[in-house]
Amino acid sequence: MKSASSHNRLRARVLVPVVVVVAVYLLYSSYFGTTTTDNSNPPYTLYADLNQKEEEAGQKFLESLQLIETQKNPKFVLFRQHEGADFGNQAQEILLHHHLALLSSRFYIYQPLYWKPRNEQLPLSAFLLGATEERAVPASFVEKLCAKGSDDVVHIKIQSSREDLWDTALSALKRKESCVIVDNPIIDTAYLSSPSADAIWPLFQKYLSRWFRWSPQVLDIVERTQTQLNLRRQFSSLQGEPYIAVHLHRKAFLDVCETAAQRNSGLVNWANLPAIQSTMLPPRLDSRNASSVMEHCNPSLLRVMEAIDRQVRRKPYLRTIHIVHDGVSSKDLWKLEHALRNPERAQRAGWTYGPIKSVSHSGMVPHEPEETDFLVGVDVELARRAEVFIGNGYSTLSSYIIALRMGGDLVSTGITEDISLL
Ligand SMILES: *[C@@H]1O[C@H](CO)[C@@H](O)[C@H](O)[C@H]1NC(C)=O
């Protein structure tokens, strides 16, 4: 008896601290386990399969062209992409290139996705489908389609003022040669942030609703997350709670903001569309005023709460929040969650049905270690499907989310009231 009880005591003395350490670790890792820190086990077998499938689909597509009389002289275009871009910027560039190719009746030669976290090339179809399906062939065919030295191949550079860039690109692509290789990157943030982008938006919006599609890998995790975290897709009748998605950046984004403040930069990309700019939480942005830039680019917790307050007062049934982030500190997440769940605060802020019931975030997306590469796409899609989106007008990822919300297959297309810029 005695030895058994001392054994138990010993067990308690060893086990309790172990349990506490594990619990603290799990709590920590659920906050820190984000897209940027966990890069184990990339699915190389899947990637090899997808490369092979892209190749086969490309081959089949080219063979089918031979059979169609009107496509006897197919035309192609290969664009130069910016090097080293992160996922959001790259995806956006690819979509705009594909759009240009379609508008100029050329088939799009797509390139692998450059995966910044590991400095690798991954098959594009593992992430985005639209630009790899139909009317497109992988870059591995480029030598075959655009044989070096052939008269039917032309290298061009597209240079123009921002105002004329799009039209210049379109007319440059309307030439007789069957293969055009564009040697300079043409679309950048400065262009997409300029008033000239307003002019291309209506058509790009249509492009997105017709051609934008995630890969099954991304969608699979999205569906799983919606089920497990009980998040209901906007306007769907499936189970789950309608939710607000809030996009927050980690501390490192401060550098971006400080540079923007020094250079008096305005908002980025589609956040500049007049309808989107007008969703900004007051006071108005004055980009000549560095404090004003910092206020919008690096919003305080109070400001984030104010944006949520406004949306909850508008739509009091929203009781669920999903925070999309790239590694916000556990302390900041905790503070936000604490404020959201505080009943007195909710009452003061005029929330009819009391505080937020459920708070989830990117670190809680259920996934296998080999699915880590897809999580940034999952973040974007979860924010796109949210009933309300609160984003940062200085973030290209927020801007990309807004474009996809406005342009995608959702009924929300055009409902700018459901968007707030911080
Ligand atoms: C600059 O912006 C800050 C933050 O919005 C504001 O408090 C301040 O009054 C502005 N300064 C001027 C000169 O407008």
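The values are calculated or read from the model by the stated rules, or taken from the named source; none is laboratory data. These numbers were taken from a predicted model, which means no experiment stands behind them. In this analysis, Cβ positions are derived from the backbone assuming ideal geometry, glycine residues included, and neighbour counts consider all displayed protein chains. The protein model used for the area step is the full one, side chains on, heavy atoms only, and it has no ligands, DNA or RNA in it. Shrake-Rupley method; radii C 1.70, N 1.55, O 1.52, S 1.80 Å.
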Subject >> Inter-centroid distance (Cα atoms) of segment 114-161 relative to segment 270-334, Å >> reply: 37 Å
Subject >> Rg/Rg_ref, segment 284-387, where Rg_ref = 2.2 N^0.38 Å and atoms are Cα >> reply: 1.21
Original post:
Whole number please: convex hull volume per residue of the Cα set in segment 44-211, in Å³?
Top reply: 119 Å³
**OP:** Over the alpha-carbon set of segment 342-386, divide Rg by the Kirkwood Rh and report the Rg/Rh ratio to two decimals.
**Re:** 1.20
Subject >> Efficiency of FRET from Cβ geometry, Glu134 and Asp167, R₀ 30 Å, rounded to 0.05 >> reply: 0.70
Original post:
Ignoring ligands, DNA and RNA, what accessible area per residue does segment 44-211 give at 1.4 Å, in Å²?
Top reply: 49 Å²
**OP:** Starting at the first residue of segment 240-254, write each ³J(HN,Hα) from the Karplus equation 6.51 cos²θ - 1.76 cosθ + 1.60 with θ = phi - 60°, in whole Hz, x for Gly and Pro.
**Re:** x, 9, x, 9, 9, 9, 10, 9, 10, 9, 6, 3, 4, 5, 3
Subject >> Amide H partners (placed H, <5 Å) of Phe107, local residues excluded >> reply: Lys75, Phe76, Val77
Original post:
Excluding same-chain residues fewer than 8 positions from Lys331, which lysines have a Cα within less than 21 Å of its Cα?
Top reply: Lys251, Lys357
**OP:** Write down the percent of antiparallel bridges among all DSSP beta bridges whose residues are both part of the chain, to the nearest 5.
**Re:** 10 percent
Original post:
Using a simple spin-label model with points 7 Å from Cα along the Cα→Cβ vector, what separation in nm is obtained for Leu62 and Phe235?
Top reply: 4.1 nm
**OP:** Report the accessible area of Arg135, computed with a 1.4 Å probe over the heavy atoms of all protein chains in place, in Å² rounded to the nearest 10.
**Re:** 100 Å²
Subject >> Pairs from Lys116/Lys206; Lys116/Lys157; Lys148/Lys176; Lys176/Lys206 whose Cα-Cα separation, in the structure shown, is over 19 Å >> reply: Lys116/Lys206; Lys116/Lys157; Lys176/Lys206
Subject >> Gain upon complete extension [Asp220, Thr259; 0.36 nm per residue less C-alpha separation] >> reply: 10.3 nm
**OP:** Among Pro216, Pro283, Pro112, determine the one that fluctuates most according to a GNM of the chain built with springs between C-alpha atoms less than 10 Å apart.
**Re:** Pro283
**OP:** Using only Cα atoms, figure out Rg for segment 216-421 and give it as a multiple of 2.2 N^0.38 Å.
**Re:** 0.98
Original post:
Does anything in segment 360-401 have its amide N under 18 Å from the 7 Å Cα→Cβ label point of Ala48, and if so which residues?
Top reply: 370-371
**OP:** Work out which chymotrypsin sites (Phe, Trp or Tyr not before Pro) in the chain are exposed loop sites (DSSP not H, G, I, E or B, at most 14 other Cβ within 10 Å) and give the longest gap free of them.
**Re:** 1-234
**OP:** For the chain, give the percent of accessible area contributed by carbon and sulfur heavy atoms, probe 1.4 Å, rounded to a whole number.
**Re:** 54 percent
Original post:
For the chain, with equal point scatterers placed on the C-alpha atoms only and solvent neglected, what are the log10 I(q)/I(0) values from the Debye formula at q = 0.11 1/Å, to two decimals?
Top reply: -0.88
**OP:** Tabulate in residue order the Karplus-calculated ³J(HN,Hα) for segment 293-309, using 6.51 cos²θ - 1.76 cosθ + 1.60 with θ = phi - 60°, rounded to whole Hz; enter x for Gly and Pro.
**Re:** 4, 4, 4, 8, 7, 10, x, 6, 4, 4, 5, 4, 5, 5, 5, 5, 3
